[in-house]
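Participant: Can you read through this structure? Questions will come right after.
The values are calculated or read from the model by the stated rules, or taken from the named source; none is laboratory data. Predicted model only: the values in this text are computed from it and were never measured. Heads up, the Cβs are rebuilt from the backbone with ideal geometry, glycines too, and the neighbour counts pull from every protein chain shown. Each accessible area value is taken on the protein alone, full model and side chains, heavy atoms only, with ligands, DNA and RNA left out. Shrake-Rupley method; radii C 1.70, N 1.55, O 1.52, S 1.80 Å.
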Amino acid sequence: MSGQTEILRLHGPLTIKTIANVRDIIQVYLQEAASLRRSLVIDIDGSEEIDLTLPQLLLSARQTADRTGVRIALNKPADGNLLTVLQRAGLLCGDRHKDSFWLEGKAA
């Protein structure tokens, strides 16, 4: 990687009603990051309306990033509504390494 970073800011409701558009945006950013050999940092406003579809999409994006050699990370630890959704869905296992993508805001 060249050390440069693509930053994707996700704002507004991040729910089943909007997730298809969010998916399309993430795909474009992942393709661009791969072609430019950059990392992708995703900025999520935890105060926005968020449901389980966002963490599911981010898990899928991480797999895609791994296959294409892109490092992907959150810009900060999950907070607010995102953290609540992760906890309620049982996506945090208590293992620091496994939870680091969500709780440390860095590439896993």
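Participant: Within the group 79, 95, 99, 66, which residue is acidic (Asp, Glu), surrounded by 14 or more Cβ atoms within 10 Å (Cβ to Cβ) and farther than 18 Å from residue 10 by Cα?
Facilitator: 99
Participant: Just to be sure, is residue 43 out of contact with any helix residue (DSSP H, G or I) (no Cβ under 7 Å at 6 or more places or on another chain) and farther than 19 Å from residue 4 by Cα?
Facilitator: Here the answer is no, as residue 43 does not meet what is asked.
Participant: Which count do you get for residues in the stretch 82-103 that are out of contact with any Gly (no Cβ under 6 Å at 6 or more places or on another chain) and part of a helix (DSSP H, G or I)?
Facilitator: 14
Participant: So which of 72, 50, 26, 16 is modelled with pLDDT of 95 or more, out of contact with any Cys (no Cβ under 8 Å at 6 or more places or on another chain) and open to solvent by 70 Å² or more (accessible area, probe 1.4 Å)?
Facilitator: The match here is 16.
Participant: Same structure, new question: Exactly one condition in (1) of a type in the set (D, E, K, R); (2) touching a strand residue (DSSP E or B) at 6+ places or on another chain (Cβ under 9 Å); (3) farther than 24 Å from residue 37 by Cβ is not met by residue 66; state its number.
Facilitator: (3)
Participant: Pairs please, first residue from the stretch 38-51 and under 11 Å from residue 22 (Cβ atoms), second anywhere and modelled with pLDDT under 95 and assigned to a loop (DSSP other than H, G, I, E, B), Cβ atoms under 6 Å, 6+ apart in sequence or on different chains.
Facilitator: Nothing qualifies.
Participant: Sort out which residues of the stretch 38-56 are farther than 11 Å from residue 10 by Cα and assigned to a helix (DSSP H, G or I), and write them in order of number.
Facilitator: Correct list: 53, 55, 56.
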